[in-house]
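Q: Here it is, the structure, as structure tokens.
The values are calculated or read from the model by the stated rules, or taken from the named source; none is laboratory data. Note that this is a predicted model, so its numbers are computed, not measured. Cβ sites come from the backbone with ideal geometry, for glycine too, and all protein chains shown count toward neighbours. Side chains included, ligands, DNA and RNA excluded: accessible areas come from the protein's heavy atoms. Shrake-Rupley method; radii C 1.70, N 1.55, O 1.52, S 1.80 Å.
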There are 4 protein chains.
Amino acid sequence: MSRVKAAVVGLGYWGPNLLRNLHLSTDFELVAACDLDAKRLARASGHYPALRTYTSFDALLAETKPELVAIATPVASHHALAMTALRAGCHVLCEKPLAATSKEASEIVELAGRLDRKVFVDHTFTYTGAVRCIREHYEQGKLGELFYVDSVRINLGLFQPDVSVIWDLAPHDLSILQHVVQQKLVAVQANGTHHNPRQLVDVAYVTLRYESGLTAHLHLSWLSPVKVRRMIFSGTKSSLIYDDLEGAEKIKVYDHGVSFDVSDLETRAQVLVNYRRGDMRAPALDNREALGTEFSEIAASLRGRPATVAMAEDGLQVVRVLEAAEQSIQTGGPWINL
Amino acid sequence: MSRVKAAVVGLGYWGPNLLRNLHLSTDFELVAACDLDAKRLARASGHYPALRTYTSFDALLAETKPELVAIATPVASHHALAMTALRAGCHVLCEKPLAATSKEASEIVELAGRLDRKVFVDHTFTYTGAVRCIREHYEQGKLGELFYVDSVRINLGLFQPDVSVIWDLAPHDLSILQHVVQQKLVAVQANGTHHNPRQLVDVAYVTLRYESGLTAHLHLSWLSPVKVRRMIFSGTKSSLIYDDLEGAEKIKVYDHGVSFDVSDLETRAQVLVNYRRGDMRAPALDNREALGTEFSEIAASLRGRPATVAMAEDGLQVVRVLEAAEQSIQTGGPWINL
Amino acid sequence: MSRVKAAVVGLGYWGPNLLRNLHLSTDFELVAACDLDAKRLARASGHYPALRTYTSFDALLAETKPELVAIATPVASHHALAMTALRAGCHVLCEKPLAATSKEASEIVELAGRLDRKVFVDHTFTYTGAVRCIREHYEQGKLGELFYVDSVRINLGLFQPDVSVIWDLAPHDLSILQHVVQQKLVAVQANGTHHNPRQLVDVAYVTLRYESGLTAHLHLSWLSPVKVRRMIFSGTKSSLIYDDLEGAEKIKVYDHGVSFDVSDLETRAQVLVNYRRGDMRAPALDNREALGTEFSEIAASLRGRPATVAMAEDGLQVVRVLEAAEQSIQTGGPWINL
Amino acid sequence: MSRVKAAVVGLGYWGPNLLRNLHLSTDFELVAACDLDAKRLARASGHYPALRTYTSFDALLAETKPELVAIATPVASHHALAMTALRAGCHVLCEKPLAATSKEASEIVELAGRLDRKVFVDHTFTYTGAVRCIREHYEQGKLGELFYVDSVRINLGLFQPDVSVIWDLAPHDLSILQHVVQQKLVAVQANGTHHNPRQLVDVAYVTLRYESGLTAHLHLSWLSPVKVRRMIFSGTKSSLIYDDLEGAEKIKVYDHGVSFDVSDLETRAQVLVNYRRGDMRAPALDNREALGTEFSEIAASLRGRPATVAMAEDGLQVVRVLEAAEQSIQTGGPWINL
């Protein structure tokens, strides 16, 4: 099967990783890159001599006709670049969050649908061995029903100049939850405070309610003295802790359970709580770089093979939750229905 | 100075600790104990041959005339026992929570005031070396202003037969916060869910707002596969983490800070965020048993010397917050003003 | 079956645990205790009113005729007490180390054999859920062949007045290794240094060589700033780490392995090393108090049922290794054959 | 001051790091690189277009006349390359270990002395913030006298094809100890075993004795299920633990101490052991890349400014200890005098 011709727009922090993985992939042919900064382009050429570089995105599209455009620019420009690429007939891979507003994100989804192009959103975590392992455990019923999910994603800084801690950190949690839980989110509630002159929220607590009644809770902060990246998936059959800062043992599955014997359901007078405390297991994880897996799946999707990829609709959903969380904070903490 | 004659009511889980510490203390004379269960009384007599034991609280009061009555019975009986003891002219030390409702707690406060008797509430954690160290750091300005406080108090079980996870676990956090922060709480918001046939909340998130705008957040759960007891006090000058499950290093002080340089306060266009990352320090803590310290302070208070003790008003305040948190959960999560 | 009548000699640090467990056991009848200190005896009587107390061991033996005598006195007196008890027709449970010299220990073994009495040695760790779990893994072949064993048993203090760190700490390692490895020890080598005025070795490294060539290594120290209790059992099929200071996860089994493909055994020119990195598992452990298990097994042994107990021969073997290690240190570190 | 013209020989695993740091340094002018593999040279040219590349070391020396030659080839070729470079008038930076035998290493030291050229040895760890912090603590007397040093450097694999675990891992410990302790090593003792067809020692315990009587002990292993990199420096005033796998808190200083009061020095009958348990502190460390610091110091040394660098004599000393440790193992574990 022919290789997918790919171009990258935006060579700041993340773009070079896209270049490197596209270059290494046997599914893609890395043809072009675009950035406003000539020095970045020169550096990229040094690494990939065959790469054609552009400061004009239009010129890139016209001259190299890529099949896939990967967008790694600041979020404010996602919408314009994605719309342009789609209109030029390209498929798109867009950094998260997909767009600066749900309106913009919706327009991307709509245009992609109308033009029959695919828009992937770069929810990188969902391609890691760890998150795939969580999904597998949940799908195969090993966790049973979920009691609740709790995530702590905190550290000292780095304050972003233009977005709150919610837009900075929550997309990771939301995309992981979306990938694992696969349920409709119905409402969001959030409390947040700010302690900086820009008045951007820097500590936030977000509660999510799913269709089934399941809740998930996020603690997001730029003001914690220590870095924590920890999610608890508490289930009826077993529970799982995902600590992304652990080296070899990111996932720990606790074969602990709680069940209830009710002798008189009417009165609930007699309830016997049973605790089962079993083994803990830290499964060996696939350690491949997430971006490598991601590009394999994207290539599969573009070639009509089965793939597990995050699409524009997923990205739109994440943006909607971010907006709802911000809205809840602005209005004093009510539940916002989605 | 004469010893304080003391009696203990309720010899279940906690009562024997009260007996032991009163017996060891040179400030007290342990004279009597009361319980409905004769076997418990017999066991206590085995340990303390001079102890007079009673199944009738009234008889105990009439015959032994204690100066202090320590109440360690289930919460439902606190009010009746405390009121009786006060009317008999005794001072009272009451297990937490002080009473089953804020109305009951208020009555205890009111009667104690009227009869000029003291009612202490057994907020044991506030007498530990760890919590006293936190208070000291905060009072001496070492933490600077607090950005926020976050507490995680979770484990698997033990489900209580008659109270939610909030009444079970939050009194610890609330009494610690009260002791350290020493500010008026103005509002409470909570989300909670239950996954047991009794429909008692078993996972809860409680947000507290103080007069100054400071917020504190509690994660309380009986459905976590691992036990966590961890509080973060994030401050402008340094931050502190209190992990009660650590052996030797319960308190870690991070000499990390964040400050902001604002060049144009009107527009906030230019904000420079400064991070300072310094040493971490785990101070050596006083390892004496908290109850020993507590009884020393109570004796001091009864003898008119300066003491740092939790009084009925503090216990009432905790009960009010517990009620407000429950109310917030019952009514869908609004902020409840205190 | 009738209960075993038991007496305890020595009510210092460990004796009260023996009393309590004998009292709780349905296999034993706790009849008497002996100590030179009348206050200790009075305290014991308070807990166990039926207990007969003695300051004379001979009087105890003559009047209460116990079937089992448990000895928990300082090591210097083990030999005399054990010999007396055996001659009085009693079985004996003796604290570790069994005796102050291997000569004394041999005499105990010899006399017990001649009089057909049993002498158990209190290798408490070998009755814990953790150590039994290690033995099970090894016996069932789950670890494969052992590459080596490494133990670190270090802390700050407590300096013993009369014995070196080897006699203080190594009995734990040696009894655990004996229980798990079940192989003949053939040689011991040790290096040690002292940094205290009594010139007792306070830091020591002991290497043990077994019949099969297997080696085990101990790091023993009273001069470490942190407490560590950690044994590594490295095996061909999987490896196991036993960290006794962990709460819930004392044992971790790593399904990691190393194997070698040799294409030309003569030259060994081509060796392919294969690493297999699999799951880690922390098995749920039996949390019963070790002494409870120990007394059940001792009762079983006395009543002719199958039991896994440490006998005088095991205690003698431990003493021999302690002596050899000390000898190696005194003579500059040579291997001492056993 | 003029820049130092530098060339790199050997572009395998480590060479590219040398290229990158020389390129970034303002003290050096990176002029040339040499490798037998043309592909490696091409890749280096891609990154550093101005770099002149050679497959012949003689041609490099003749045409580019570097002032400093950095050697990052396998150890077997260090001697020949270093001697050639010295004879061509160059200073040399050589990877550790300096040479395959102490005889070779001595010849390098001798030739450098005779030709008045400098030979630096790349003991990278000694330029890290962590190790410099340890040295500082020790030099400033904060640790007091050292009781002992213990190092654990273990992991699963990677088996080296041609050297034992001692030559692979011990150079790190030996160079760190040399840098910190700054004392003459007088004797080495080692035990080691092998479990692989090549019969290279893969588990080793090495004990070092210094002039003052201080001992250090190394546990080196390729057969541990977990990776550990931990050194304990136990001192009279405080103790320090260096855990290189920790993220933010690599160094922990424990303000714990042990001292002895001796009432009768003759008899030592009465010794009072005093334990002081104080704070633990994790100092903030300089996080600069060690190689960057190293090249600054090398440039300083070449320009006659004060510098803390590891020289050929240091490298020779390390090789001597490695040889002695191997010799001790081969001959059954005796102490080998240095």
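Residue by residue, here is whether (1) open to solvent by 10 Å² or more (accessible area, probe 1.4 Å); (2) within 14 Å of another protein chain (Cβ to nearest Cβ); (3) at positive phi; (4) part of a strand (DSSP E or B) holds:
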| position | (1), (2), (3), (4) |
| --- | --- |
| B:Arg117 | yes, no, no, no |
| B:Val131 | no, no, no, no |
| B:Leu143 | no, yes, no, no |
| B:Val149 | no, yes, no, yes |
| B:Gln160 | yes, yes, no, no |
| B:Ile166 | no, no, no, no |
| B:Ser175 | no, no, no, no |
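Q: Residues that are more than 7 Å from every other protein chain (Cβ to nearest Cβ) and modelled with pLDDT of 90 or more: which strands (runs of 3 or more DSSP E) entirely in region A:198-284 hold 2 or more of them?
A: Answer list for region A:198-284: A:203-210, A:215-221, A:223-235, A:239-243, A:251-262.
Q: Take the residues in region D:305-329 that are open to solvent by 40 Å² or more (accessible area, probe 1.4 Å) and assigned to a helix (DSSP H, G or I), then tell me which one is nearest to B:Lys252 (Cα to Cα).
A: So, considering only residues that are open to solvent by 40 Å² or more (accessible area, probe 1.4 Å) and assigned to a helix (DSSP H, G or I), the one nearest to B:Lys252 (Cα to Cα) is D:Asp314.
Q: Considering every residue within region B:297-304, establish whether at least one is exposed (fewer than 14 other Cβ atoms within 10 Å of the Cβ) and assigned to a loop (DSSP other than H, G, I, E, B).
A: Yes.
Q: Of the numbered conditions (1) more than 14 Å from chain C (Cβ to nearest Cβ); (2) in contact with a helix residue (DSSP H, G or I) (Cβ under 7 Å, 6 or more places away or on another chain); (3) more than 23 Å from D:Asp243 (Cα to Cα), D:Gly192 satisfies every one except a single condition; which is it?
A: (1)
Q: Do any strands (runs of 3 or more DSSP E) entirely within region D:33-115 hold 1 or more residues that are touching a Cys at 6+ places or on another chain (Cβ under 6 Å), and if so, which?
A: Result: D:52-54, D:68-71.
Q: Return the pair list, or none, for Cβ contacts closer than 8 Å from residues in region B:223-245 that are more than 21 Å from B:Ala284 (Cα to Cα) to residues that are part of a strand (DSSP E or B) and open to solvent by 40 Å² or more (accessible area, probe 1.4 Å), at least 6 apart or on different chains.
A: B:Thr236/B:Ser259
Q: Evaluate the following for D:Leu24: is it in contact with a helix residue (DSSP H, G or I) (Cβ under 8 Å, 6 or more places away or on another chain) and open to solvent by 60 Å² or more (accessible area, probe 1.4 Å)?
A: yes
Q: Collect the residues in region B:120-129 that are open to solvent by 10 Å² or more (accessible area, probe 1.4 Å) and among the polar types (S, T, N, Q), keeping them in residue-number order.
A: B:Thr124, B:Thr128
Q: Kindly indicate whether any position in region C:97-104 is open to solvent by less than 10 Å² (accessible area, probe 1.4 Å) and not charged (D, E, K, R).
A: yes
Q: Please verify whether B:Glu289 is of a type outside the set (A, V, I, L, M), more than 9 Å from chain A (Cβ to nearest Cβ) and over 30 Å from D:Asn287 (Cα atoms), treating the condition exactly as stated.
A: It is true that B:Glu289 is of a type outside the set (A, V, I, L, M), more than 9 Å from chain A (Cβ to nearest Cβ) and over 30 Å from D:Asn287 (Cα atoms).
Q: Considering only region D:181-191, I want to know if a residue exists there that is touching a His at 6+ places or on another chain (Cβ under 6 Å), within 19 Å of D:Thr331 (Cα to Cα) and either open to solvent by less than 50 Å² (accessible area, probe 1.4 Å) or not in a loop (DSSP other than H, G, I, E, B) (or both).
A: Looking for residues that are touching a His at 6+ places or on another chain (Cβ under 6 Å), within 19 Å of D:Thr331 (Cα to Cα) and either open to solvent by less than 50 Å² (accessible area, probe 1.4 Å) or not in a loop (DSSP other than H, G, I, E, B) (or both), one finds none in region D:181-191, hence no.
Q: Would you mention how many residues in region A:6-32 are assigned to a loop (DSSP other than H, G, I, E, B) and of a type in the set (Val, Ile, Thr)?
A: Total satisfying the criteria: 1.
Q: What number of residues within region B:189-205 satisfy the criterion of being in contact (Cβ under 8 Å) with a residue 60 or more places away in the chain and over 20 Å from A:Arg230 (Cβ atoms)?
A: Summing the residues that are in contact (Cβ under 8 Å) with a residue 60 or more places away in the chain and over 20 Å from A:Arg230 (Cβ atoms) in region B:189-205 gives 4.
Q: Mind telling me which of the residues C:Thr73, C:Thr64, C:Thr55 ends up being under 22 Å from C:Glu294 (Cα atoms) and polar (S, T, N, Q)?
A: Exactly one of C:Thr73, C:Thr64, C:Thr55 is under 22 Å from C:Glu294 (Cα atoms) and polar (S, T, N, Q), namely C:Thr73.
Q: Please tell me if A:Asp27 is of a type in the set (D, E, K, R), within 26 Å of A:Thr293 (Cα to Cα), more than 14 Å from chain D (Cβ to nearest Cβ) and out of contact with any Gly (no Cβ under 6 Å at 6 or more places or on another chain).
A: The answer is yes for A:Asp27.
Q: Is at least one residue of region A:48-59 surrounded by 14 or more Cβ atoms within 10 Å (Cβ to Cβ) and under 30 Å from A:Lys103 (Cα atoms)?
A: Checked region A:48-59: at least one residue is surrounded by 14 or more Cβ atoms within 10 Å (Cβ to Cβ) and under 30 Å from A:Lys103 (Cα atoms).
Q: Residue check, C:Lys65 against (1) surrounded by 17 or more Cβ atoms within 10 Å (Cβ to Cβ); (2) over 22 Å from B:His47 (Cα atoms), all met but one. Which one?
A: With (1) surrounded by 17 or more Cβ atoms within 10 Å (Cβ to Cβ); (2) over 22 Å from B:His47 (Cα atoms) applied to C:Lys65, the lone miss is (1).
Q: Now for a separate question. If A:Leu185 passes every condition in (1) away from every other protein chain (no Cβ under 14 Å); (2) closer than 22 Å to A:Ala72 by Cα but one, which one does it miss?
A: (2)
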